[in-house]
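The structure appears right after this line, and notes come after that.
Please treat every number below as a calculation from the coordinates, not as lab data. Quantities reported herein were computed from a predicted structural model and do not represent experimental measurements. Methodologically, a virtual Cβ is constructed for each residue, glycine included, from the backbone with ideal geometry; neighbour enumeration extends over all protein chains shown.
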Amino acid sequence: MIRVELPMHLRTLARVDKEVQLEVEGKVTLRSVLDALEARYPMLMGTVRDHVTQQRRPFLRFFACAEDLSHQSLDETLPEAVVRGEEPLLIIGAIAGG
Amino acid sequence: MSGVRVLVGTRKGAFVLTSDGTRRNWQIDGPHFAGWEIYHVKGSPADPNRLYVSQTSGWFGQLIQRSNDGGKTWEIPSGEAPPTFPARASNKFVYDTSAETGKPLTTHQWYDGTQHPWEFKRVWHIEPALDDPDTAYAGVEDAAIFRTTDGGKSWQEIPGLRGHGTGPKWQPGAGGMCLHTIILNPKNPQQIFIAISAAGAFRTDDGGKTWKPINQGLRSQYIPDPTAEIGHCVHHVAMHPSRPGVLFMQKHWDVMRSDNGGDLWKEVSGNLPTDFGFVIDVHADQPETIYVVPIKSDSEHFPLDGKLRVYRSRAGGNEWEELSKGLPERDCYVNVLRDAMAVDKLDKCGVYFGTTGGQVYASADAGDTWTAIAQNLPAVLSVEVQTLS
């Protein structure tokens, strides 16, 4: 199972706790994990990546195993610890000040 | 027993204020969607328990939610999830560029005069259809009009508006290039009025297939040709349902009136202390009684002299009276944004408006006296009212 940690507003929207667990078939990449996330929680479609461009929303970043994965290819395999379910993929929103 | 439900959109959530018909005691319910910008909440005239809300965020984009119980509970209208491709979703607003629908233009004018691609940002205004709770229109930024016929599960652009030819001249105002006003003619379902900042007002007479600019008579000194067909910063337009041909407009500067469905406008600012402002609305029973909230200027978005005042004209403009009883008399530097005024249909007509300072003011006597029915909300973006029987 792939573990994904969502920011607070998306947890509220999906009505889940901090972490969700997903079955991902085939190669475990950002794209396949986000596809699985949206299939399981359709209310999240368009909130992490833009509907049309499929690009990550600019105020969101992807982290795992203390690495910033935000700029890696959507089709690159995620770290082995994420694939094995030992570490979560973190979807993190930019901090708002003021 | 009659009652009133006031739907308030703010920078950090939505609030539902309710009262019985006396409008003396108010209950505040919320925040709904806490932490999200709520540009607009509006109920269906065909089913008052069906509400639509535009929920938006710089982080997570646009969401549309709806309620079937008058705002007690909310749901995201479920579209079609993957693996159905393309997935349909209630927050998917995709501009129509198909040849079949006229291949609308894909660029508009940017602040610097260059052409810029159309990019969806948010929904500013939702206008439910008059006769069907599952049909609603959405005015969006970058300016376009969309329609749902399945209760918000999916939205399709009405492409004739962007495709009619003047699109390359449209440009954003300071708040973005937003389609913020949608008015449905209750006597002619084929006729819709819309307004865009900063392009102007437009009308369709054939249900959205074709559109034309209706800006003749507007004069805007801040554009190169003050009487141009396109480029006017219209802030809001209002209509009384009994007289769909009569429109009232608060422009960037100037309060305007048209007696022929927008074909020609004339200025009715009259004795207003300043004719800059955002809101305008019409009394529920008196089609010639209109309300505005004068704001000092386009660079000073607060009331003149720090004194919050509504102005009322009982003559459809030109002659205005100050209404200030119950409103702050000094040190008030809030703004009242374009969708933040509404009226109820009770006797006497109730008038409501919200401020960027988080106050919602109500008058149960057509504006003669005012009371703050909410005082410490986040900045108010929109106010709508439902009169309940």
Looking only at lysines whose Cα falls under 16 Å of residue B:209's and that sit 8 or more positions away or on another chain, we get B:103
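About its Cα centre, how strong a charge dipole does segment B:145-258 have in debye, to the nearest 20, once Lys and Arg get +1 and Asp and Glu get -1 at the Cβ? Numbers along the way, then the final one.
Numbers: 12 positive and 7 negative charges, 36 e Å.
Around 180 debye, computed over segment B:145-258.
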Averaged across the residues of B:28-37, what count of C-beta atoms belonging to other chains lies within 10 Å of each residue's C-beta?
1
If a paramagnetic tag sat 7 Å from the Cα of residue B:2 along the Cα-Cβ line, which residues of segment B:287-325 would have the backbone N under 13 Å from that point?
none
As a Kirkwood estimate from alpha-carbon pairs, segment A:2-93 has a hydrodynamic radius in angstrom of 13.0
Furthest towards positive pole of dipole, B:328, B:94, B:62, structure part chain B, Cβ charges
B:62
Taking every pair of alpha-carbon atoms in the protein assembly as shown, give the share separated by more than 45 Å as a whole percent.
14
If you take every residue apart from residue B:320 with its C-beta less than 11 Å away from the C-beta of residue B:320, what net charge results, scoring Lys and Arg +1 and Asp and Glu -1?
-1
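Excluding residue B:217 itself, what net charge comes from residues whose Cβ is under 12 Å from its Cβ, given Lys and Arg +1 and Asp and Glu -1? Don't skip to the end; give the middle numbers.
On the way: positive: B:219, B:251, B:257, B:266; negative: B:229, B:254, B:259, B:263, B:267.
Charge balance in the 12 Å sphere: -1.
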Provide the net charge surrounding residue B:274, with neighbours chosen by a C-beta distance below 11 Å and charges set as Lys +1, Arg +1, Asp -1, Glu -1.
-3
Once you've got the Cα coordinates, tell me which of B:42/B:121; B:92/B:121; B:251/B:348 are over 18 Å apart.
B:42/B:121; B:251/B:348
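Please report the projected area of segment B:203-242's Cα convex hull averaged over all directions, in nm². Let's see the in-between values first.
Values: hull surface 15.5 nm².
Here the figure is 3.9 nm², rounded to one decimal.
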³J(HN,Hα) computed for each position of segment B:328-340 - Karplus, 6.51 cos²θ - 1.76 cosθ + 1.60, integer Hz, glycine/proline x
x, 8, 7, 6, 10, 10, 9, 10, 10, 7, 4, 9, 9
Show the residues, 5+ positions off or on another chain, whose built amide H is closer than 5 Å to the amide H of residue B:373.
B:360, B:361, B:362
Apply the Karplus parameterisation 6.51 cos²θ - 1.76 cosθ + 1.60, with θ equal to phi minus 60°, to every residue of segment A:34-42 and state each ³J(HN,Hα) to the nearest whole Hz, in sequence, with x for glycine and proline.
5, 4, 5, 4, 6, 5, 6, 10, x
Could you give the size of the charge dipole of the protein assembly as shown about its Cα centre, using +1 on the Cβ of each K and R and -1 on the Cβ of each D and E, expressed in debye and rounded to the nearest 20?
320
Average partner chain C-beta neighbours within 10 Å, per residue of A:49-59?
3
